[in-house]
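Reviewing the structure listed below.
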Amino acid sequence: GAGVSQTPSNKVTEKGKYVELRCDPISGHTALYWYRQSLGQGPEFLIYFQGTGAADDSGLPNDRFFAVRPEGSVSTLKIQRTERGDSAVYLCASSPLAGGFNTGELFFGEGSRLTVL
Amino acid sequence: QQPVQSPQAVILREGEDAVINCSSSKALYSVHWYRQKHGEAPVFLMILLKGGEQKGHEKISASFNEKKQQSSLYLTASQLSYSGTYFCGTERRQAGTALIFGKGTTLSVSS
C-alpha cells in the first residue's frame, strides 16, 4: 500500500513569501504529525492532529506557522512571510491510533525540503 | 524537555556491539526508537512502555528504566545495514501527545 506522501519534495522560495506544504497520510490513519528537521538535528515537533482537530500545536514556533486538516485526511502546513531560519526538511508522519494513551508507530514521509533564500 | 542521547557518534566494525543511551529530566510514559539513513525518512524500531511492555522488531533489543527515566538501545553483532542515525523519542505526558526526539546518535559500521 501507499505510504505517507509529501509534496513538494523540494521548495525554494524567497524571504517573505508564502509557502504551503502538503501531506497525504496512509489511508485510515487518524493521527497526523508535523515535524521539522534541520541538518544534524532530530525531528522537532510542530503540531499533532487527531482527526480534523489539532490536539497539540504547542510546537509551532510562532504565528507565521499554521496547519489544517479539514477532512481528517490530507494536511497542509502553511508558512507566512518565510524567513531564512525556516529552511529545513519538514516531515509528516501518520499513525493508526485513534486517541489512547500512547503514541504508536509513526510512519514518516520522505519530507519536503524548504530552502528560503 | 528534549531527551539527551549519548554518545553522539559511534564507529564500529561489523560484528561489534554498541549501546545507545537516552535520558530525560521528566517522568516518561514511553520511549520510542527510530533509525534514519541519510536522505531518508525515520523508520520505527521499537516502543518501550511504562510497565515493561515492548513492541518492536525482534532483532532489536532495548531497556527502559522508568525510575531513572532512561532507555538504552542494544545493537549486537552489528551489520553494515545498521549504519544510520538513531533517535529516541519520549512522550511528553501520559495522555498521548507527540514524541519529542533527541538530537540523535550517528552509528557508522564498516567492514
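Which members of segment B:8-55 meet the condition of being closer than 20 Å to A:GLY40 by Cβ, open to solvent by 50 Å² or more (accessible area, probe 1.4 Å) and either within 14 Å of chain A (Cβ to nearest Cβ) or not β-branched (Val, Ile, Thr) (or both)? Selection gives B:GLN8, B:ALA9, B:ASN21, B:ARG35, B:LYS37, B:HIS38, B:GLY39, B:GLU40, B:VAL43.
Residue check: A:PHE49 meets all listed conditions (1) open to solvent by 50 Å² or more (accessible area, probe 1.4 Å); (2) within 15 Å of A:THR30 (Cβ to Cβ) but one, namely (1).
Kindly evaluate A:LEU21 against the criterion of being of a type outside the set (Phe, Trp, Tyr), within 10 Å of the chain's Cα centre (by Cα) and at pLDDT 95 or above. Yes. Based on this model, can you work out whether A:THR52 counts as in contact with a strand residue (DSSP E or B) (Cβ under 9 Å, 6 or more places away or on another chain), within 14 Å of chain B (Cβ to nearest Cβ), polar (S, T, N, Q) and within 22 Å of A:PRO96 (Cβ to Cβ)? No; evaluated as a whole, the condition is false for this residue. For segment A:1-21, a tally of residues being open to solvent by 60 Å² or more (accessible area, probe 1.4 Å) and in contact (Cβ under 8 Å) with a residue 60 or more places away in the chain returns 9. Taken over segment A:58-94, the criterion of being within 10 Å of chain B (Cβ to nearest Cβ) and part of a strand (DSSP E or B) is satisfied by A:VAL89, A:LEU91, A:CYS92, A:ALA93. Being closer than 19 Å to A:VAL4 by Cβ, open to solvent by less than 30 Å² (accessible area, probe 1.4 Å) and within 14 Å of chain B (Cβ to nearest Cβ) is the requirement here; does A:GLY104 meet it? Here the answer is yes, as A:GLY104 does meet what is asked. Using the structure shown, decide if A:ALA54 is open to solvent by 40 Å² or more (accessible area, probe 1.4 Å), among the hydrophobic types (A, V, I, L, M, F, W, C) and part of a strand (DSSP E or B). Yes, satisfied.
The values are calculated or read from the model by the stated rules, or taken from the named source; none is laboratory data. For clarity, every value in this text was computed on a predicted model and none was experimentally measured. Methodologically, a virtual Cβ is constructed for each residue, glycine included, from the backbone with ideal geometry; neighbour enumeration extends over all protein chains shown. Quick note on the areas: whole protein, heavy atoms, side chains included, nothing else; ligands and nucleic acids left out. Shrake-Rupley method; radii C 1.70, N 1.55, O 1.52, S 1.80 Å.
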